[in-house]
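S.K.: Structure provided below as structure tokens; questions to follow.
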Amino acid sequence: MEQYQVNMAVRIGAFCNVDGVCSELTVSSVVAGWVYKLYMGLLAVFCTNSINIHAGLNGLEVGQTVVIASAILIHNLMQIGASSDPEYKQAHAFSIYLVQPLLATSLALLSYNWYPSSVFVGDTYTYFAGMTMAVVGILGHYRFNPETGLLTGTRDGTLINFYLRMVGPKSEKTLCIHLLLVQ
């Protein structure tokens, strides 16, 4: 059975000594196994349902999306500002690239969806908004090599990464063409 190693720096706490010098307690690597795939699947379901659960009240679904997307945007900006690791910054920047259009379109939609609503969003919007947030939360599964301009696979178990590990690094365009031909 293949093990999936999730490499991330997770802050689990902090402590300060008497002199006021503080240190962080972090976990840098966790072997998650099949639990990782289960968690990612459940995260996608949870994110879509967390928006859809409030359906029926004018402005609530879209308003909740605006609040959460704003929090995601602020979180990513803070992480970029606090880090010196270029790869870490790149992952958070990519998250920002996805959440900005969601936030902008949701703010525009909110003006029409606010009580009394002239536009009703329904499942189409709530599933889209929830899945966009899930994708933003699951980012970081591909490594981009800026020197070669190619994507390389990681060991997270997705079919795209499996293909990249089998055939080697590819540009995004070439990878897309290859995967379409394989299908």
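The values are calculated or read from the model by the stated rules, or taken from the named source; none is laboratory data. Fair warning: this is a prediction, and the values are worked out from it, not measured in the lab. The area values use the complete protein model at the heavy-atom level, side chains included, leaving out ligands, DNA and RNA. Shrake-Rupley method; radii C 1.70, N 1.55, O 1.52, S 1.80 Å.
S.K.: What ³J(HN,Hα) values, in whole Hz, does the Karplus curve 6.51 cos²θ - 1.76 cosθ + 1.60 give for the range 102-108 when θ = phi - 60°, with x put for Gly and Pro?
M.R.: 4, 5, 5, 5, 5, 5, 5
S.K.: Applying the Karplus parametrisation 6.51 cos²θ - 1.76 cosθ + 1.60 with θ = phi - 60° to the phi angles of the range 114-124, what ³J(HN,Hα) value in whole Hz is obtained for each residue in order, glycine and proline being reported as x?
M.R.: Along the range 114-124, the couplings run 6, 4, x, 6, 10, 10, 10, 7, x, 5, 4 Hz.
S.K.: Same structure, new question: Using a 1.4 angstrom probe on the protein heavy atoms only, line up Ser84, Ser117 by accessible area, largest first.
M.R.: Ser84, Ser117
S.K.: Taking a 1.4 Å probe, which of Met78, Met131, Met40 shows the most accessible area, and what order do the others take after it?
M.R.: Sorted descending by solvent-accessible area, the residues read Met78, Met131, Met40.
S.K.: Over the range 28-141, with every protein chain in place, what whole percent of the accessible area is carbon and sulfur at 1.4 Å, could you tell me?
M.R.: Carbon and sulfur: 71 percent of the exposed surface of the range 28-141.
S.K.: Which of rounded, prolate, oblate describes the range 28-141, given a ≥ b ≥ c as roots of the alpha-carbon gyration tensor eigenvalues and a/c under 1.5 marking rounded, otherwise prolate only if a/b is larger than b/c?
M.R.: Since a/c reaches 1.5 but b/c is at least a/b, the shape of the range 28-141 is classed as oblate.
S.K.: Collect residues whose amide H, placed 1.01 Å from N in the peptide plane, falls under 5 Å from the amide H of Lys170; neighbours closer than 5 in sequence don't count.
M.R.: So Lys170 has HN proximity to Leu151.
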